[in-house]
Amino acid sequence: MHRVKVISGHLSSYPAQGGNIKCNINHCCARAAVSGPEDVVVVHGRRTAIGKAKRGLFKDTTPDELLSAVMKAVMTDMGLSPDRLGDVCVGNVLQPGAGAVMARIAHFLSEFPETVPVYTVNRQCSSGLQALFNIAGAIKSGSIDLGLACGVESMSLQEMGNPGDLSPRLVDFEKARACVVPMGITSENVAERFGISREKQDAFAVSSHQKADRAQRSGRFEAEIVPVVTRVTDAEGTECTVTVLKDEGVRPSTTLEGLGKLRAAFRPDGSTTAGNSSQVSDGAAALLLGRRSAVEALGLPVLGVLRASAVVGVPPDMMGIGPAYAIPAALEQAGLSVADIDVFEINEAFASQAVYCVEKLGLPLDRVNPNGGAIALGHPLGCTGARMTVSLLHELRRRGRRGYGVVSMCIGTGMGAAAVFEYPGP
């Protein structure tokens, strides 16, 4: 077991520079929806602000409290009794058992009745998005009419890096070994193989902060963020009550010159730094989904329509390329092209992988993460897929016209996930 832990912490095998990657991609997806009463629609979505792990205002806040805040807010905003829900699915990565006990406790903290079921799912960084896929699937199959899809993570209170009990035989299988390559090394692998320079990565990071700063100053996040009243203890041990309203990771003063001074974080000669990587964070998000016919019968609004979803597999030692393969799969399913999409929300796990995906797919930069991404806002693992969906749909609504958006995630052990949404217009 010690051998496995050492491998998990230090394994750094990676493909040689150059050449084209070949991926055997198996699609795991629902068929694209056809407009009509059976559409899976998103009614509403809210999120907490994203706090800095270990030193932000959520550092002492348990994940059940974060989750409860968004669960209650979504239902209260819609004036809907929780007993209308057929199921609740929560994405989580770091809590023991993917947070199954935590989620049920949040359920009761939110004053949901015991008759409403809840479960959790862990598909690593896309767990919040997978929760949405699961609820959508249950609606599509006819099992439920309404459901709540959530994501939550406290990276302050749970540590990363423990893969659990693994067979020592993993060293005999190349792909199995690659599953425990540290995420930072996968970023370096992508940068090296595909020639993503340090300058490109730093420029992308600066842009993320600039976009998030503009969004924050203009009040774009106000409609999606739930105020959370919590308690925090300062360095002197003094506890005080605070209301958290604002994402904490945005640094308007970020410059290329400043980022250029940072040392590589994972290899001495590498290009991935703390400044061009996502921030470890705390946060939660929730979305109310339903069958269109049921939603309309209750007089609820339609914020978005789920038009397609896809999950694909890619090499685990270059997991960050997942969106470059998941997005085309979802677009094909929806009968759309890159040119049809108004907004792409792509997780910025690392600037290297985000830049690769943008370049590979030829995405217009002004349509990618228009209000900043995980480099500026933060990346609470189990929350991010749900958070990005909330942000996407609020942004499409803000624009005030019918349009399409894509949410896409890379997944740590070598996968990618994507969803296509339509905003039907005001």
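The values are calculated or read from the model by the stated rules, or taken from the named source; none is laboratory data. Bear in mind the structure is a predicted one, so any value in this text is a computation, not a measurement. Ideal geometry is used to build each Cβ from the backbone, glycine not excepted, and the neighbour counts take in all protein chains shown.
Looking at region 182-190, is at least one residue crowded, with 17+ Cβ neighbours inside 10 Å, at pLDDT 95 or above, farther than 30 Å from V232 by Cα and among the charged types (D, E, K, R)?
yes
For I135, work out the one condition from (1) surrounded by fewer than 24 Cβ atoms within 10 Å (Cβ to Cβ); (2) closer than 29 Å to G378 by Cβ; (3) hydrophobic (A, V, I, L, M, F, W, C) it doesn't fulfil.
(1)
Which ones in region 286-317 are surrounded by fewer than 24 Cβ atoms within 10 Å (Cβ to Cβ), part of a strand (DSSP E or B) and of a type in the set (D, E, K, R)?
Within region 286-317, R291 is the sole residue that qualifies.
What's the number of the condition N162 fails, among (1) farther than 25 Å from V88 by Cβ; (2) buried (at least 19 other Cβ atoms within 10 Å of the Cβ); (3) among the polar types (S, T, N, Q)?
That leaves (2) as the condition not met.
Give me the residue from region 394-416 that is assigned to a strand (DSSP E or B) and among the aliphatic types (A, V, I, L, M) and, out of that set, surrounded by the most Cβ atoms within 10 Å (Cβ to Cβ).
This residue is V407.
Of the residues V390, V358, V420, which single one is part of a helix (DSSP H, G or I) and more than 13 Å from the chain's Cα centre (by Cα)?
One residue alone meets the criteria, V358.
Applying the selection to region 199-251, what residues are surrounded by fewer than 12 Cβ atoms within 10 Å (Cβ to Cβ) and either in a helix (DSSP H, G or I) or among the hydroxyl-bearing types (S, T, Y) (or both)?
Matches in region 199-251: R217, S218, T233, T238, T241, T243.
I'm told A374 meets every condition in (1) more than 25 Å from L289 (Cβ to Cβ); (2) in contact with a helix residue (DSSP H, G or I) (Cβ under 8 Å, 6 or more places away or on another chain) except one. Can you identify the failing condition by its number?
(1)
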